[in-house]
2 protein chains.
Amino acid sequence: MLDDKDRILIGALRRNARESLVGLARSVGLSRSATQERMRRLERDGIIKAYTVELASEQDPAVRAMIAVTFDPGFRCRHVVPHLSGIPEVVACHSLTGSIDLMVIVACESNASLDRIRDAISAVPGVATATTHVILGTPLARG
Amino acid sequence: MLDDKDRILIGALRRNARESLVGLARSVGLSRSATQERMRRLERDGIIKAYTVELASEQDPAVRAMIAVTFDPGFRCRHVVPHLSGIPEVVACHSLTGSIDLMVIVACESNASLDRIRDAISAVPGVATATTHVILGTPLARG
DNA sequence: GCCGCAGACCGGCATTTAGCCGGCCGGGCC
DNA sequence: GGCCCGGCCGGCTAAATGCCGGTCTGCGGC
C-alpha cells in the first residue's frame, strides 16, 4: 500500500505541508508530475485526510515525568497497578518489554510533589526499582 | 494580537493548509500580498508553528513502543528530532533527564515495521543507542 | 499645524510552480 | 510477439508566488 517514496513524501509533508511540489519532488527523488500523482493517490485513497496548521499551544502547567519501574520476582502488573491508580497524579501506566517492566507517566505541580509521588511508587509492594526521568520538553507530539 | 482577519486566515488554513495564497486572500478579503504578509507575521510571531498533514492511519495501531534514545556527545534534541519528525509512525518525542536523553513513542502496524523504524532511528546522526520497549498494554490511562 | 515615521495594504512585473497531456518504458498476460 | 496498464518523464500554458515601489492612515514630536 505504501512504499518508501510514499513514506518520504508523507514525511516531507509532515514537516511542511505548504512545501511546493517541486521541493517535495526533490525530497522524494521523482519528477514533479510523478510526485503530484502520488499525492493525489494518497488523498484519493484516504491515506492523507487533510492538510492543517499547527498553532502554538499554551497548556503545560505541570511537571511531567516518566518513572521506569521494575518488579520484584513474582510480581505482575495486576498486583502493582491498582496501588498506582490510587495516586491522582499518575496519568498512565504502560506495561513494557525489556529491562523496564512498567512505565508510569506522572503529571504534578512541582518537583516537591514529584518527589513524594516517587516515594509513594517505590513503597508499593512488588516495586523493586523506580527510576525517575523528568520530561524537560516534548519537541514532537501528534495525535 | 489576533484580529478577525487573522482568525479567518487561520481558519482557512486549518481547513486546507495547501490552499493557495490567492484562495486564502479571497477568504480573508484582502489582496494576495497583504495576506502573504499576515501569514509571514503569524509564522514569525510563532502563532503558526507548522503546516502539517493529517493521516488516516492513526487510530488503531497494532504495535506501540517506547524507544529510549541516547545521544552521541555534542548532539541535542534539536539536531535529532527534525529527523524523527520525518518518520510518520513517530507519535511523540519527550526530552528527559537521567540516563535516557529522548523517549520516542512509536505506533505502527506490525513488529516488522517497528523493526524498520528502530533501524531508521538508530541511523539518525547523533543517535548513540536506541533501546526498544514494546508496549504490551496500558493498564491505566486517564486525562 | 505639519512633518516624518511605521504599519497595513495594493498592484505590477519577472520568476517559479501547478495543471494538463502526450509519450516512453518495463512488467504481466494472452 | 503483441497488448495493456501503471508509473514515470518532460514540455506547454496558465496560475501562483516573491519582490518591490507606491498609496493611505494613524500617531507622536516639534
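The values are calculated or read from the model by the stated rules, or taken from the named source; none is laboratory data. The structure displayed is predicted, hence computed values, not measured ones. Cβ: placed from backbone, ideal geometry, glycine included. Neighbour counts: every protein chain shown. The area values use the complete protein model at the heavy-atom level, side chains included, leaving out ligands, DNA and RNA. Shrake-Rupley method; radii C 1.70, N 1.55, O 1.52, S 1.80 Å.
What nm distances, shortest first, do you get from the label point of A:Pro82 to those in the other copies when the point sits 7 angstrom along Cα to Cβ?
Copy-to-copy label distances for A:Pro82: 5.1 nm.
Quick check: at a probe of 1.4 Å, how many percent of the accessible area of segment A:1-89 sits on carbon and sulfur atoms? Walk me through the numbers on the way to the answer.
Numbers: 2460 of 4950 Å².
Solvent-exposed carbon and sulfur of segment A:1-89 make up 50 percent of the total.
Between B:Pro125 and the same site in the other copies, what are the distances in nm, shortest first, taking label points 7 Å from Cα along the C-beta direction?
5.5
Alpha carbon centre of segment A:1-26 versus segment B:2-72: separation in Å?
16 Å
Using a 1.4 angstrom probe with every protein chain in place, what is the largest-first accessible-area order of A:His83, A:His94?
On the way: A:His83 95, A:His94 25 Å².
The most accessible residue leads, giving A:His83, A:His94.
Would you please name the GluC sites (Glu not before Pro) within segment A:41-143 that are DSSP coil residues with at most 11 other C-beta atoms within 10 Å of their C-beta? Display every interim value, and only then the final one.
Values: sites: A:Glu43, A:Glu54, A:Glu58, A:Glu89, A:Glu109; in loops: A:Glu58, A:Glu89, A:Glu109.
Taking segment A:41-143 and a limit of 11 other Cβ atoms within 10 Å, the loop GluC sites (Glu not before Pro) found are A:Glu58, A:Glu109.
Using a 1.4 angstrom probe on the protein heavy atoms only, line up A:Leu24, A:Leu136, B:Leu140 by accessible area, largest first. Write down the numbers at each step before the final one.
On the way: A:Leu24 0, A:Leu136 120, B:Leu140 20 Å².
Ranked from most to least accessible, the order is A:Leu136, B:Leu140, A:Leu24.
Once all Cα-Cα distances of segment B:4-44 are split into 10 Å bins that start at 0, what whole-number percent is in each one?
35, 64, 1
Which FRET efficiency value, to the nearest 0.05, is calculated for A:Asp72 and A:Ser110 with the Förster distance at 35 angstrom and r the Cβ-Cβ distance? Kindly include the intermediate steps, with their values, before the conclusion.
On the way: r = 30 Å, r/R0 = 0.85.
My answer for the efficiency is 0.75.
Name the residues of segment A:107-143 whose accessible area, probed at 1.4 Å, falls by at least 50 Å² once all protein chains are in place instead of their chain on its own?
A:His133, A:Leu136, A:Pro139, A:Leu140, A:Arg142
Based on DSSP loop calls and a cut-off of at most 13 other Cβ atoms within 10 Å, the longest stretch of chain B free of exposed trypsin sites (Lys or Arg not before Pro) is what? Walk me through the numbers on the way to the answer.
Values: sites that count: B:Arg76, B:Arg142.
Formally, the longest exposed-site-free interval is B:1-75.
Suppose R0 equals 51 Å; then what is the FRET efficiency for B:Arg32 and A:Thr131 from their Cβ-Cβ distance, rounded to the nearest 0.05?
Values: r = 55 Å, r/R0 = 1.08.
Taking R0 as 51 Å, the efficiency between B:Arg32 and A:Thr131 is 0.40.
Counting residues in chain A as N, plug N into 2.2 N^0.38 Å and put the Cα Rg over that result.
Numbers: Rg = 22.0 Å, N = 143, 2.2 N^0.38 = 14.5 Å.
Cα-based Rg divided by the globular estimate yields 1.52.
Kindly compute the accessible surface that chains B and A hide from a 1.4 Å probe when together, both sides summed, and give it to the nearest 100 Å².
Values: alone 9710 and 9760 Å², together 14450 Å².
Looking at B and A, the buried total is near 5000 Å².
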